[in-house]
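For reference, the structure is listed below as structure tokens.
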Amino acid sequence: MAIYDLGSASLAANGEVTGVGTTWKDPLTLIRVGATIVFKTEPVQIYTISEIISDTQINVYNPDSETVPAGTGYAILAHDGITVQGLAQDVAETLRYYQSRETEVADAVDAFNQFDVDGFQQNVTNVNNQAQQVAKDAAQVSNDKAQVSADKDAAASSASSALADKNAAAESAADAANSAASLNTENLLKKDGNLSDLSDKSSSRDNLSVYSKSYIDGKLSTRIDVVKDFGADPTGVSDSAQAFQAALDYASDKAGVRGYGVAIYVPGGNYSIGSGLSYTWRSDFDSSVINDGDTRRVSIIGDGAANTFINDVRINPGPIPLIDISGGNPLAPSSNDPHLRLYVCGLRIQRKSQDRQSWGIRVNGCSILKFEQTDIHWFDVGMVLRDLIQAHFIHMQLGACSLGISLERSAWTNPNVIKFDHVMFGGNNAGCININDGANIKFDTCSFEGTVTPNRDSTYCINYTGGPSEGGSGLTIENCYFENNNVKSDVRIINSTTETVGVHTIRNNSFQRTSSTSYCVNHVEIVNTIGKNGRFVVNLTGNAFKAFGHPHVDGNNSVAVGGAWAEVIDKGNVYEIEKPNYSGLTGGAEGYNNSIVCAGKIASSGISVGGGYNVGSIEKLGAGDYRINFAKPLSAVDYFPVVTLQDSNGHSFTTALSTGSFRVVTSDVNGTATDSSFNFIVAGIK
């Protein structure tokens, strides 16, 4: 390929190219209309010549009105490939220069463009004959004899040169034919495709130093683009897994040369991912990796869940997550505790085939995590989250999965200090979220709808098991909405540890039943499988349990408590049809269990103190004489108050007055009525 790169040039927005030190009109340069000019910028800019005006001015096609500054190096490709047509065109232009006055030579050059070797030979013969005729005519022209003689000599020279060019063209044609036969046309780049048919754009950029790693490090070190920098395909036609993995590898800083995280930008589009992606901050078990503390940070940011789609197109992926993120293994020899800070925003991640296979995202070992405006659909498990501290999920949707989320302990810590804020769980078919060994887990203004499971007796929307480090606050559910969930319970709280456990709060929620076919057995189920050492408290406040015309099914309950030492504080709740069931199982008389219908602590002055249950009011009738009124009347008078005096060694006497109240009289050891503080528990049927 002939290249002309003399001097320098600039480009104006109107397509005018101005050269300095150039000779573009010189015929021997072989520059012609249709040739390609390449400006040596970063990235390179390529245009097609539309007009050659002078040695220092040409025009190019510039539809985007781009510019190039003065003094820029350039190269003009005299022809774009070794082809018979291109070579013949060059030969023709040379002949035109030497024989511009000879019509026959021009005909011969035109013949070359038609690839007719025999015709070309005939034109050469005609040129020779004409040369002799020119010599005869020259003798007859007296006014310009010298010029005619020169023309004759030039014609003869051109004829000789043309014959040589003919032979060379024939030779080149044979070589070109052999080369063409050996080419695999599928591997050829299209000139008008702007390199769009490169199969590995990422490697090609590196090889061309257009988007090399050094360029990214220098210009894009804190924000990288999976499309521009790594060649992901936003149309979804080609598999973008390699590009996404390259971006994740770069962000992981495995070489340890950067010391800070990056943002991976995923522009709006439909991306096809054909293999699992993984992100690990350096090495899990490499003892040579130092504990880099609080430097691990990465963000993955899209253009919104309605714009950026990550489609899992893997075939039978098995248990491999689509995106697997690890902050490090706390059991590594280097004791490199997980410190990853992860932020994900503005994506929709889904199984393209909607077959509920594999997991969408697995995060293991993360100190501070936030998912925002990210929807996850059609996986077996949408998210598997292990060993997390301080996670926040906001404005998300986890739907149409078998299970929306699994929160677990792996090897490092219980899932704790985790909040779900405006998250919708809809259309899952094996439950919304399982929380194992949890602590300080909160759902605020979330919705749980249409959980239609194949087995109503073993599935739950929220299935919470308290962890040994639960301490004060366990599970909190506020301002949430539950509707038409075909499950055993909308909320299940279970304790199976003898460690000190916490207090759970279920407040200001709506529990609805609008379908006669898709409904839960219990809205809230509270289970304690351990004795008094595993005692915990559930505050039920300001909730509405509404049926909206759905017929009551025998055995259904708004609240059901199983096992002793599960204390329920019931305040200000609305029970339309299904009442709380605290009598399904019996427990020890001294514990809060299913047979307890009222409990509390009364000061000697007659004031209720501590956590009273179903205590409406207390009346002090006289010295040591107290009347306790139930907040909710009982169904029968066959209940049995048990009183324990706190501040005396005297006696107490109880009397069941009605379904609405009972009487307690306290006295000293001599039987004299005396004010005394006391605890009481009433066992019976609510």
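Loop only per DSSP, at most 16 neighbouring Cβ atoms within 10 Å: give me the GluC sites (Glu not before Pro) in region 434-515, ordered by residue number.
Filter output for region 434-515: 499.
Find out how many positive minus negative residues lie around residue 276, taking Lys and Arg as positive, Asp and Glu as negative, among other residues whose Cβ is under 11 Å from that of residue 276.
Combined, the nearby Lys, Arg, Asp and Glu give 0.
Grab the other residues whose beta carbon is less than 11 angstrom from that of residue 667, score K and R as +1, D and E as -1, and report the net.
That sum, taken over residues with Cβ under 11 Å, equals -3.
Rank the residues 659, 67, 674, 666 as a footprinting-exposure proxy: fewest other Cβ atoms within 10 Å of their Cβ go first.
Numbers: 659 16, 67 12, 674 19, 666 24.
Fewest to most other Cβ atoms nearby, the residues stand as 67, 659, 674, 666.
Using all alpha carbons of region 381-457, what is the percent of pairwise distances in each 5 Å bin, ordered from the shortest bin to the longest?
With 5 Å bins starting at 0, P(r) equals 4, 17, 25, 25, 18, 9, 2.
Any read-out appearing in this document is the output of simple, stated calculations on the displayed coordinates, not a laboratory observation. The structure presented is a predicted model; accordingly, all values stated were derived computationally and were not measured. Don't worry about glycine lacking a Cβ; one is built from the backbone with ideal geometry, like all the others, and counts go over all protein chains shown.
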